[in-house]
Amino acid sequence: MSNDIFEKLTSAIIEGKDKEAISFCREAVGKGMTARAVLENGLMPGIRKVGELFSIGEYFLPELLISGMAMQAAVAELEPLLNAGGSQFHTGKYLIGTVRGDIHDIGKNIVSMMLKGNGWEVTDLGVDVPPEKICAAIAEGDYDIFGMSTLLTVTMPAADEAINAIRKAGLRDKIKIMIGGAPVTQEFADKIGADGYAKDAFEAVNVAVSLKGKTRRQEERA
Ligand code: B1M
């Protein structure tokens, strides 16, 4: 039974049918499925398939866009579940954005929702964020962590540039830096000098908490 609804969700995303995606999300949640299960078993396989169809030339930009919109609509439907409970406590302050040159934001937005659901106060710089804007935000705000998202291999160097700009501005010791996004790996994160990497939004929450813990411990030692 649960496989049925997941398959319907996957197809709705592949076909870019936002209303169906929303209604199947409601149905799945109504049947007691968690937002995580709906995301991982219904929505993600759909959007991955869209990426594959685009890669082999069966889908073009319009299909990518329409499926992306159906994915966004479905994620918005899950938002109250993904960020439920966040207002009860304050974990820390998180700055997030997609790197310069990249306009993908669905994954970043899910990470934001999950962080909010776990008590983080999140400031979202949006997409295609230049290093200067990141540095200005870090200098002005009292953030614990800055998280970058990148979905394109060609924009991975922009993450490196952002970290270098943060260093150059003398702000590196002020903040922990995390990175994620489909082409990112732990090796890449280490190479550019990020403090943490997460493969998905659920892991991002755990990594953020562990980095915040380190910040606190360092403060206590100082
Ligand atoms: Co684009 N696109 N796209 N696209 N797109 C990809 C990424 C691609 C892999 C498709 C493909 O070819 N198979 C490919 C990149 C290839 C590469 O670089 N290796 C690609 C391309 C080429 C492009 C364009 C260049 C196409 C063109 O114009 N010819 C163009 C780029 C524009 C630009 O950015 N300058 C483009 C445009 C678009 C749309 C605008 C149409 C749309 C985005 C809509 C939007 O974001 N609002 C779109 C979409 C939808 C996709 C795919 C199909 C889906 C992306 C997505 O939302 N996934 C994608 C194929 C794919 O990813 N398989 C593709 C779902 C999302 C929940 O997953 O973002 O991975 P993801 O996030 C995950 C984790 O990665 C992680 O947690 C999230 C949730 O678990 N995570 C983090 C993400 N950020 C994190 C940050 C963290 C921690 C974890 O810490 C801070």
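The values are calculated or read from the model by the stated rules, or taken from the named source; none is laboratory data. As the structure is a computational prediction, the values presented were derived from the model and not from experiment. Neighbour counts are summed over all protein chains in view; Cβ atoms, including those assigned to glycine, are modelled from backbone coordinates with ideal geometry. Calculation scope for accessible area: heavy atoms of the full protein, side chains included, ligands and nucleic acids excluded. Shrake-Rupley method; radii C 1.70, N 1.55, O 1.52, S 1.80 Å.
For (1) surrounded by 16 or more Cβ atoms within 10 Å (Cβ to Cβ); (2) touching a His at 6+ places or on another chain (Cβ under 7 Å); (3) under 30 Å from Cys135 (Cα atoms), each residue gets a yes or a no:
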| position | (1), (2), (3) |
| --- | --- |
| Glu63 | yes, no, no |
| Ser67 | yes, no, no |
| Ala70 | yes, no, no |
| Ala73 | yes, no, no |
| Glu77 | yes, no, no |
| Ala84 | no, no, no |
| Thr91 | yes, no, yes |
| Ile106 | yes, no, yes |
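Pick from Leu82, Leu78, Leu64: which is free of Cβ contacts under 8 Å to residues at least 24 places away in the same chain, out of contact with any Ser or Thr (no Cβ under 9 Å at 6 or more places or on another chain) and closer than 23 Å to Ile22 by Cβ?
Leu64
Can you tell me how many residues in segment 120-160 are of a type in the set (Phe, Trp, Tyr), under 17 Å from Lys174 (Cβ atoms) and within 12 Å of the ligand (Cβ to nearest atom)?
1
What's the total number of residues in segment 127-141 that are touching a strand residue (DSSP E or B) at 6+ places or on another chain (Cβ under 6 Å) and open to solvent by 10 Å² or more (accessible area, probe 1.4 Å)?
Qualifying residue count, segment 127-141: 2.
Just wondering, is there one or more residues in segment 175-193 that are aromatic (Phe, Trp, Tyr) and under 16 Å from the mean Cα position of the chain (by Cα)?
no
Tell me yes or no: at least one residue of segment 190-208 is farther than 21 Å from Ile106 by Cα, assigned to a helix (DSSP H, G or I) and open to solvent by less than 30 Å² (accessible area, probe 1.4 Å).
Checked segment 190-208: at least one residue is farther than 21 Å from Ile106 by Cα, assigned to a helix (DSSP H, G or I) and open to solvent by less than 30 Å² (accessible area, probe 1.4 Å).
Just the residues that are out of contact with any Leu (no Cβ under 8 Å at 6 or more places or on another chain), within 8 Å of the ligand (Cβ to nearest atom) and assigned to a loop (DSSP other than H, G, I, E, B), please, taken from segment 91-112.
Ile103, Asp105
Which members of segment 15-64 meet the condition of being within 12 Å of the ligand (Cβ to nearest atom), assigned to a helix (DSSP H, G or I) and among the acidic types (Asp, Glu)?
Glu40, Glu52, Glu63
Would you pick out the residues in segment 100-114 that are over 12 Å from the mean Cα position of the chain (by Cα) and at negative phi?
Arg100, Asp102, Ile103
With the structure loaded, tell me whether Ala182 is more than 20 Å from Asn83 (Cα to Cα) and in contact (Cβ under 8 Å) with a residue 60 or more places away in the chain or whether it fails that test.
Answer is yes for this residue.
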